[in-house]
Amino acid sequence: GLIEQAWKDEGKTSPRISLAFAMVMLGRTEISEFSPLQFLINNLNSSAYKGEALPFLTELARDSSTRKALYAPLGSATKDEKIGLARVLAVSGDKESLAYLEKLSRDTDLEVAQEGLRAVKNLQARL
């Protein structure tokens, strides 16, 4: 479609983040190397674009199928991705998300573990 073509043609990161958000909203929730959802997750590693990717992911994770798609990448995620996804799930998670956040709270990286623990507490307070 038009959005997908724009996403392929766009060279700048900010518009690509917005286009990726639109594509996931339209149902492109798969995780693969070049998928729009993976692109949003990848941008959690960027100090320049983390602030754009995080609110989009938080909004997208309100949808249960998108939220479920975010669990798989947690296993191989970078430190910044884990911290970002913990923040996303703290706001947009459900009961099922707790197990994944509890696993993050036991991460070998102290910062990830702290963020996971904070996310567990925040999510439990919301449920």
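The values are calculated or read from the model by the stated rules, or taken from the named source; none is laboratory data. Just so we're clear, the structure is a prediction, and the values are computed from it rather than from any experiment. Note: ideal-geometry Cβ built from the backbone for every residue, glycine included; neighbour counts use all protein chains shown. Each accessible area value is taken on the protein alone, full model and side chains, heavy atoms only, with ligands, DNA and RNA left out. Shrake-Rupley method; radii C 1.70, N 1.55, O 1.52, S 1.80 Å.
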Checked pairs for the range 6-22, first within 11 Å of A53 (Cβ to Cβ), second open to solvent by 40 Å² or more (accessible area, probe 1.4 Å), C-beta under 6 Å and 6 or more apart or across chains, list as T13/Y49; R16/E10; I17/E52; F21/F56
Checked against (1) under 11 Å from the mean Cα position of the chain (by Cα); (2) farther than 21 Å from R126 by Cβ; (3) in a helix (DSSP H, G or I), A77 satisfies every condition except (3)
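Residues in the range 13-23: is at least one within 26 Å of Q124 (Cα to Cα) and aliphatic (A, V, I, L, M)?
no
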By residue number, the members of the range 56-83 that are modelled with pLDDT of 95 or more, among the hydrophobic types (A, V, I, L, M, F, W, C) and open to solvent by less than 40 Å² (accessible area, probe 1.4 Å) are L57, L60, A61, A69, L70, A77, I83
ask   = Yes or no: A69 farther than 19 Å from I41 by Cβ, assigned to a helix (DSSP H, G or I) and among the aliphatic types (A, V, I, L, M)?
value = no
Considering residues that are under 16 Å from T13 (Cα atoms) and either touching a Ser or Thr at 6+ places or on another chain (Cβ under 8 Å) or open to solvent by less than 20 Å² (accessible area, probe 1.4 Å) (or both), the number found within the range 28-55 is 14
Sole miss for T108 among (1) more than 19 Å from F21 (Cβ to Cβ); (2) open to solvent by less than 60 Å² (accessible area, probe 1.4 Å); (3) among the hydroxyl-bearing types (S, T, Y) is condition (2)
Pairs returned, first residue in the range 111-127 that is crowded, with 16+ Cβ neighbours inside 10 Å, second residue that is of a type in the set (S, T, Y), beta-carbon separation under 6 angstrom, 6 or more apart or interchain, are A113/S105; G116/S105; L117/S105; V120/S105
Report task. Go through the residues of the range 94-106 one by one and say whether even a single one is over 24 Å from L127 (Cβ atoms), assigned to a helix (DSSP H, G or I) and among the small types (G, A, S). Result -> no
If we ask which residues in the range 84-95 are open to solvent by 20 Å² or more (accessible area, probe 1.4 Å) and touching a helix residue (DSSP H, G or I) at 6+ places or on another chain (Cβ under 8 Å), their number turns out to be 3
